[in-house]
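What follows is one structure encoded as structure tokens, with my remarks underneath.
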Amino acid sequence: MNIGMVLSAESFPVPPRIPPGPDLPPGHSPSPPRAWPDLSQWPGRVYERLFEQRIVMAHGELDDEAATSLCAQLLTLDAEADQPIRLEVHGLTATLAPALTVMGVLDVLRVPVRAQVAGQLSGPALGVLAAASDRRAYPNAVFMLSEPRLGFEGSATALASHEEQVRVMLDQLYLRLAEVTGREVDEIRADARRGRYLTADEAVSYGLIHGAAGPAGLRGTG
């Protein structure tokens, strides 16, 4: 899991105080202190500042743990204020159950969520995008309708039960994609089986996104 996508404000360590300069002989001027003397602090500080602006980053693999953390961020921002949340979705992949978990939380938020996609978005991760009220893409975005990766070991009975659960979850995913695109569920299912790729422009025509991401500024309310 790429932890960058699920950091919350409480997760970020407080940057250390700038240490005092060493004692120098007369006539020597100390070098100016660095704002972030420990470069290992910078990712957390950046994500913290984005969170303060109601911007949430989602990238890498969305598994169960990542989905829980992402949902916690969204619920926190929803409870804190009435302004929209900006969800930056960058190269996100997901397994089926975690994607449906995030979709369920997005469905019950009070405030609108504006999603902006960069890189490739594929499989169940498309459901996270579909659950956002406003959907945009950067010029480099690529969308791939594909079936989720599955892996299961067990008895024949357990396998049959697992297959039924997967079928129900897939139906939920394809139904949501059909609702936002205005297409038939069977068409969505067929496109996923053959792994259909869409550019940003093609995704607009397909109904998956509303248009291109614009210069909205830093704040999620932009």
Checklist outcome for this item: Amide H proximity to Glu147 below 5 Å, modelled H, separation 5+ or other chain, gives Gly195
Item to check | Directionally averaged shadow of segment 72-155, computed from the convex hull of its alpha-carbon atoms, nm² | outcome: 6.3
Next on the checklist: If amide hydrogens are placed 1.01 Å from N in the peptide plane, which non-local residues have theirs closer than 5 Å to the one on Arg136?
Outcome noted: Ala115, Gln116, Val117, His210
Item to check | D (Stokes-Einstein, µm²/s), Kirkwood Cα radius, segment 42-211, 1.567 mPa s at 4 °C | outcome: 79
Checklist outcome for this item: Residues of segment 106-127 with backbone N under 16 Å of the label point set 7 Å from the Cα of Arg183 along Cα→Cβ are 121-127
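No lab work stands behind these numbers, since they all come straight from the coordinates. Computed from a predicted model, the values in this text were never measured in an experiment. FYI the Cβ positions are ideal-geometry reconstructions off the backbone, even for glycines, and counts take in every protein chain you see.
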